[in-house]
């Protein structure tokens, strides 16, 4: 049978079809700048990497206040970053609302975003937003350890990433290598400790039988169920579960890592204005709303995250954001995500 | 499943020349359909070709690739063998013994098809401690066994009983008679089922992700969603596609060597069934155990969450679920129609005019099944933006994705249904003055329709459960049962997710029950025409 030849023929035929239609990739587009006089068309498309139950109430408030009809596409932050790059200039999105500085940095690097108007980019203090106005930080989230309090004492709990490679924790530590926040931690590790140390840490973790989960929620649930003793997550997942189950039901407990350790970095969720929406007044109004007092207050109450605009109080019970912020680390350093994922792939975690 | 040709192939090639035009059109349509079905593969080739060759080699040669490939191959092999053994055994018991309540057991054996593998995996994770390889093996086997059971059952019902009885009379044991006489007759059907199972396992993401088993798809998904350089993902997906092609070729090689054992008058249904006797109880216990594991565990977990208190902020109304169910059914139906339109020329060509072209087109149609949904999804994002930007993020592209993804199921059904129509019948109709088109409409299409319809049902059923491509391609505000389920389980709102999962299982059960009736009725229908 020469069916493979025919198969190849068919593939080649449809390849040439694709070649005829392909008009090249949308990379290296110059970054557009917001025009002086944005226009409103009363419609807005947001790609949200943050989940619907967290974001939709805020969207509803914005729709009511502004009269703009908002369509939101919900998916994973990283999946949307991949989608935005596949779409290039043809994207229907006006605003990208991401869970993570790294994903925003990657989309900005690909030349897909417009520079934000000054009043938006200056609303948030330096250190919690982009350095070049390509995106704006919206909320802060601290990286923490979650422990199973029935198996681990607060006193003997680990407080640095380095401790987790100890044989004591063999098979007992949960991580989510595909999760953007975990990847930001690894990037921080690379920036703070150097490439070799980061690689050594990851290899030691793999050798120590680190447990792989798909996301923060799964890790928290595993700690709550006693499946693992220690997990690496973002702080607000724990607070959300606590508000759902009640303080007494929390078998899982939080440990804030030592100040200055890569495991305890403060990351941000943020938003960017897509290049095609540079002159869209509705998109700009939405971004303004995110960093307004109302918008920030919503996140404090609904998601237990740190507000990034001065004048809005952080949720009760959280350590001061200033005590967690690592002065040696600039968030813009976290956009070297592709090096991080390459490293993760190399050590066999991706 | 390729039913044996009753007429000498020479007869087909000796037909009058005036068919040539129709045949050329048919061949051209088949090539176009095959080209459309190859879009995902083309996308991968474009992506890989655009990458630096050094990066491609590095990705291919790293130890991780070999490890992932070993994981996936091991899982595919284990699930295929398990499904073959369980499926053939179940089909034999259902077809050949005096099992009581046979109709009920048949439906129970088919119903796991209605349970998406990620829902089944969720049930197993919620209620049991099994994870990893064994967890994936159990869940994927239980979900996929019906893909072997149903075609084998239909083939057993049509198989020639008389020969098995002759073998028995000549002193063969029941096992040897089955192995030497019956098995060769049902082998094509069983193997075709195993191929679908193997391709499914190759491309499954949901179950292995929940079971935390690092299969190829898991790594492809991780690469697509976290590395912003798509080369790694594309290279790995190409490896997966190559594995899929290898499977199709292997199945074809095994299927190709069959010979017809038939006599003109087949003895069917008149022979006494095998008396189970003391085995009656253990056999039923075994069937009940399989049903309990494949249906009871996932439904048990869903019902448990349905009973629990929904978490704050996520209230689900019956209207929401019903609206999503309607969207799901509509999209699945559109997908099935598109798959059917693409499958008809390929299937007819393969059944009536076997040639290299037909085989090539048929093989090309199988590509989609071996690729994870996210690859097909991204390839259609790319394709629709390049070719038909106006349709981007419309239901049409999504339905088209379903058609491409599940095309092989429709092609298989079209081909085997048309092969089952004896060309002699068409000749009789022609002799009696019916035109070419009239003969097709009144004889061929009519006889083949139920089987083709079953194929379309299978496509619709699979499309209802599809998740990754749906997430990428759906219109921004459109939700299906599967995407709502994903959205809610992603935030651990299991109580709110449970109604969507149950609705999905109930909606998907409808085509399954229809398919069971088809498998049972298929035998009698063919008999009428012999």
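Out of B:301, B:358, one residue alone is within 14 Å of another protein chain (Cβ to nearest Cβ) and either more than 18 Å from the chain's Cα centre (by Cα) or not in a helix (DSSP H, G or I) (or both). It is B:358.
Restricting attention to region B:450-484, the residues being touching a helix residue (DSSP H, G or I) at 6+ places or on another chain (Cβ under 7 Å), part of a loop (DSSP other than H, G, I, E, B) and within 12 Å of chain A (Cβ to nearest Cβ) number 5.
Just checking, which of A:301, A:293, A:305, A:279 is touching a helix residue (DSSP H, G or I) at 6+ places or on another chain (Cβ under 7 Å) and either surrounded by 18 or more Cβ atoms within 10 Å (Cβ to Cβ) or assigned by TED's automatic domain parsing to the domain that holds residue A:95 (or both)?
Residue meeting the stated conditions: A:305.
State which residue is farthest from the chain's Cα centre (by Cα) when the search covers only region B:56-65 and only residues that are more than 15 Å from residue A:350 (Cβ to Cβ) and within 13 Å of chain A (Cβ to nearest Cβ). Within region B:56-65, the match that is farthest from the chain's Cα centre (by Cα) is B:61.
Yes/no per residue for (1) in the same structural domain as residue A:295 (by TED's automatic domain parsing); (2) crowded, with 23+ Cβ neighbours inside 10 Å:
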{"site": "A:131", "(1), (2)": "yes, no"}
{"site": "A:134", "(1), (2)": "yes, yes"}
{"site": "A:147", "(1), (2)": "no, yes"}
{"site": "A:152", "(1), (2)": "no, no"}
{"site": "A:162", "(1), (2)": "no, no"}
{"site": "A:166", "(1), (2)": "no, no"}
{"site": "A:170", "(1), (2)": "no, no"}
{"site": "A:178", "(1), (2)": "no, yes"}
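Only a single item in (1) free of Cβ contacts under 8 Å to residues at least 24 places away in the same chain; (2) under 30 Å from residue B:194 (Cβ atoms); (3) touching a helix residue (DSSP H, G or I) at 6+ places or on another chain (Cβ under 6 Å) is not met by residue B:386, and it is number (2). Does region B:322-329 include one or more residues that are in contact (Cβ under 8 Å) with a residue 12 or more places away in the chain, within 12 Å of chain A (Cβ to nearest Cβ) and surrounded by 23 or more Cβ atoms within 10 Å (Cβ to Cβ)? The answer is no, given that none of the residues of region B:322-329 is in contact (Cβ under 8 Å) with a residue 12 or more places away in the chain, within 12 Å of chain A (Cβ to nearest Cβ) and surrounded by 23 or more Cβ atoms within 10 Å (Cβ to Cβ). Looking at (1) surrounded by 18 or more Cβ atoms within 10 Å (Cβ to Cβ); (2) more than 21 Å from residue A:109 (Cβ to Cβ); (3) in contact with a strand residue (DSSP E or B) (Cβ under 9 Å, 6 or more places away or on another chain), can you tell me which one residue A:83 breaks? If we test residue A:83 against (1) surrounded by 18 or more Cβ atoms within 10 Å (Cβ to Cβ); (2) more than 21 Å from residue A:109 (Cβ to Cβ); (3) in contact with a strand residue (DSSP E or B) (Cβ under 9 Å, 6 or more places away or on another chain), just (2) comes out false. Yes or no: region A:146-161 includes at least one residue that is within 17 Å of the chain's Cα centre (by Cα) and within 30 Å of residue A:295 (Cα to Cα). The answer is no, given that none of the residues of region A:146-161 is within 17 Å of the chain's Cα centre (by Cα) and within 30 Å of residue A:295 (Cα to Cα).
Looking at region B:389-407, which of its residues are within 22 Å of residue B:195 (Cβ to Cβ), part of a helix (DSSP H, G or I) and away from chain A (no Cβ under 14 Å)? Selection gives B:401, B:402, B:403, B:405.
Residues in region A:129-141 that are out of contact with any helix residue (DSSP H, G or I) (no Cβ under 7 Å at 6 or more places or on another chain) and in a loop (DSSP other than H, G, I, E, B): A:132 alone. Is it the case that region B:85-96 has a residue that's modelled with pLDDT under 90 and more than 19 Å from residue B:209 (Cα to Cα)? Yes, region B:85-96 has at least one match. Can you name every residue in region A:53-69 that is surrounded by fewer than 19 Cβ atoms within 10 Å (Cβ to Cβ) and within 18 Å of residue A:270 (Cα to Cα)? A:56, A:57, listed by residue number.
Tell me the residue from A:338, A:259 that is touching a residue at least 24 places away in the same chain (Cβ under 8 Å) and within 14 Å of chain B (Cβ to nearest Cβ), please.
A:338
The values are calculated or read from the model by the stated rules, or taken from the named source; none is laboratory data. If you're wondering where the values come from, they're calculated on a predicted model, not measured in any experiment. Positions of Cβ are backbone-derived with ideal geometry, glycine not excepted, and every protein chain shown enters the neighbour counts.
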